[in-house]
């Protein structure tokens, strides 16, 4: 039955697994982002003697940081479990546990209990990294399908990041927002419950999304961990089949020959070789499928090919036999010791930090009466909706055009460079700042900020789509979940610090008295300082992208 179900899923169009992975991306983003609009109010409710409207940022930021630190703490273990027991089993466990802890957060009446539930929600919520692994494995050898699927998943993440705060804001504290609602008037039990647990409804929606995710995974995804083992020939076929270059015994471990490396380097077309050659596993076992692949035995990572060439050179100089280490899988530090992996990790972490920093700082900039725009929640929502509309209309065509012309590394560099002006342009909205007593912007400023926000999100999706695919190609199939788990652990540390640093830096920029008085003669310069700092951070990101990622790959 399992084999029949797997064959049926393999024969269907990619739409089913693409839709399932997009749903998972939407769900995980909702769990993380729905607290954005009501987190300050929840902190004030739980800490009435400490938090107020002026200093609540340093308290509410920990709601975001705790869930990120939880993801960082558990990512490595979930990745190793996915590489040993399967991707789907990890997804089932994470979805069920996320249901429990998101409900517990909505029922919290203590600030520290709320922080603990957010931490455990992150600890048992590693759906995102497993989803990225499934994209590359379900797409198989179709590189174009892999890139498009990853873009769809990141697009679902971006759309959820826009809709989740809106849904959370509408459902939070319903007794205050909808006092005349029929169910609140007719059922005193519901009224009393929602009055005591003001932020339960957004978390109830998150729990329902997680529960629906279980059958979505069950009927639309297949286990990809054993795909490579099933594609390999049986023992009898290995005994009867003989390769003219390697000879009999294809199932035995072997190392890359110097001749194969020289031929592969002479071709100077890694993508073409990858399409025709069998990608070796970590124990260097495989079967050559074409004539070209018999003369180009290599792994899908250039750094590994250069590493093997260095090993062969060392063998000729020192007489050491490296064949005993050929089948040894890399350790956790082995991933980081690889220069290519480390370069991608640095760029990825800095990009995450910058995006999370901006996500936390933008609402504070909009709410500030002195150094910002002085807007209310509805106007901020209008800006987000405008940016989301522009992002939805332009994202697919722009990404496909950039990827087709520049390839993966070129797309990463292009997106990092194109995002630089967006940060410097935001403070120009202060020049024509005219906010009425209702705290609403004029339509010109609204469109201006919406366009900037939409373009920034396009560059963000392009950046993370490309670098996610590129990092998945750095490691063999059986190590991808472990690598993504390690990636989540390391990246989560810096990403978890971003909201806290954004809150404290924003408070410093908007109200500090340590700088000369002439700087604060016009208080709105605090917004200029904030976004100028983020602009220079984006310049550093673009510089490191060009410096560390090397030349663009042929496409």
message: Can you confirm whether residue 374 is touching a residue at least 60 places away in the same chain (Cβ under 8 Å), surrounded by fewer than 22 Cβ atoms within 10 Å (Cβ to Cβ) and outside any helix (DSSP H, G or I)?
response: yes
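For every residue, the table says whether it meets (1) closer than 26 Å to residue 14 by Cβ; (2) touching a residue at least 24 places away in the same chain (Cβ under 8 Å); (3) surrounded by fewer than 20 Cβ atoms within 10 Å (Cβ to Cβ).
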| residue | (1), (2), (3) |
| --- | --- |
| 93 | yes, yes, yes |
| 96 | no, yes, yes |
| 104 | no, no, yes |
| 107 | no, yes, yes |
| 117 | no, no, no |
| 121 | no, yes, no |
| 134 | yes, yes, no |
| 138 | yes, yes, no |
Scanning region 171-203 residue by residue, those exposed (fewer than 15 other Cβ atoms within 10 Å of the Cβ) and assigned to a helix (DSSP H, G or I) turn out to be 176, 177, 182, 183, 185, 186, 188, 189, 192, 193, 195, 196
Within region 14-35, the count of residues that are assigned to a helix (DSSP H, G or I) and under 28 Å from residue 62 (Cα atoms) comes to 12
Subset of region 429-449, residues at pLDDT below 85 and in a helix (DSSP H, G or I), comes to 429, 430, 443, 444, 445, 446, 447
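The values are calculated or read from the model by the stated rules, or taken from the named source; none is laboratory data. Here the structure is a predicted model, which means the values were calculated and not measured. Positions of Cβ are generated from backbone atoms using ideal geometry, with glycine treated the same way; all protein chains shown enter the neighbour counts.
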